[in-house]
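Read-outs: derived from the displayed coordinates by stated rules, not from any lab. Nothing here was measured: the structure is a model prediction, and the numbers come from that model. Please note: Cβ atoms are built from the backbone with ideal geometry, for glycine as well, and neighbour counts cover all protein chains shown.
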Amino acid sequence: MLNIGFLLFPKVTQLDLTGPLQVLSRVPQASVHIVAKRDAPVVSDCRIGLLPSCTFGSCPGLDLLCVPGGIGILDALADCETIAFVKKLGSQARYVTSVCTGAFLLGATGLLYGRRATTHWAYVDLLPLVGAIHEKARVVRDGRFITAGGVTSGIDFGLAVAAELAGETVARSIQLGLEYDPAPPFDCGHPDRASVDVRASLDEHYVRSRSAYRDALLDAGIAPSSSS
């Protein structure tokens, strides 16, 4: 039995969690755990309520820990219980993983120090604040650490992990069962391909958001102010 745990916290980006969860829950012999501080429903960033299956105190040892991202990471970085849980389980798990800005919560524990990693494209320049080395890829593996880019990359990450855990044939079967055959109507899912106008429409939002992440990381004492 493989124990796979997903961290759940308020204002998590729902698809960061449920994308890879949907994939990895189909891995044979997998037992999936949704882990939160308390056993009450947790509201995501898009107002969907998610129910944990265990708490920090009742979570079993994990073979794989996954930390999703979302604006709630800002509060999680200031929460000593959450940091301690991720550090404890991450030091023991066979695989330690993240999706999107979940990389910064992993980084806050020191687990990504000196490791190659990725996160959402808008925040890759902040990875050095947690000692990580950015690698431009949708999914990055460095030893037992696997990080994924923004939001939808969590599905690709899930399939890559499924292949690692159960073999490529199983992962391909999961992909087919989910009919994961993306054909988006626009080719602008990465800034390398998006037009200037499309990128500009997001500039103000991400300038504010990057500043908030930078401040949260510095306030957590992860990096000296000179690193900013």
Within the group L62, L111, which residue is surrounded by 20 or more Cβ atoms within 10 Å (Cβ to Cβ), more than 20 Å from L129 (Cα to Cα) and free of Cβ contacts under 8 Å to residues at least 60 places away in the same chain?
-> L62
Can you name the number of the only condition in (1) surrounded by 13 or more Cβ atoms within 10 Å (Cβ to Cβ); (2) in contact (Cβ under 8 Å) with a residue 24 or more places away in the chain that G177 fails?
-> (1)
For residues that are surrounded by fewer than 18 Cβ atoms within 10 Å (Cβ to Cβ) and assigned to a strand (DSSP E or B), scanning just region 114-133, find the one that is farthest from the chain's Cα centre (by Cα).
-> I133
Filter region 138-149 for residues that are touching a Lys or Arg at 6+ places or on another chain (Cβ under 9 Å) and not in a strand (DSSP E or B); the one that is nearest to V99 (Cα to Cα) is G149
In region 63-103, anything hydroxyl-bearing (S, T, Y) and part of a helix (DSSP H, G or I) is listed as T82, S91
Got a sec? Which of Q29, Q14 is over 22 Å from A166 (Cβ atoms) and touching a strand residue (DSSP E or B) at 6+ places or on another chain (Cβ under 8 Å)?
-> Q14
Of the residues that sit in region 146-174 and are of a type in the set (V, I, T) and touching a strand residue (DSSP E or B) at 6+ places or on another chain (Cβ under 6 Å), which one is surrounded by the fewest Cβ atoms within 10 Å (Cβ to Cβ)?
-> I146
Looking for whichever is of a type in the set (A, V, I, L, M), farther than 25 Å from L159 by Cβ and buried (at least 22 other Cβ atoms within 10 Å of the Cβ) here; the options are A40, A78, A36, A103. Which one fits?
-> A36
Out of all the residues in region 26-43, is one or more more than 14 Å from the chain's Cα centre (by Cα), part of a helix (DSSP H, G or I) and not hydrophobic (A, V, I, L, M, F, W, C)?
-> no
From the list D142, D197, D187, which residue is among the acidic types (D, E) and either in contact (Cβ under 8 Å) with a residue 12 or more places away in the chain or crowded, with 16+ Cβ neighbours inside 10 Å (or both)?
-> D142
Output for Cβ contacts, cut-off 7 Å, separation at least six or different chains, first residue under 12 Å from G61 (Cα atoms) in region 1-12, second of a type in the set (D, E, K, R), reads L2/D63; N3/D63; I4/D63
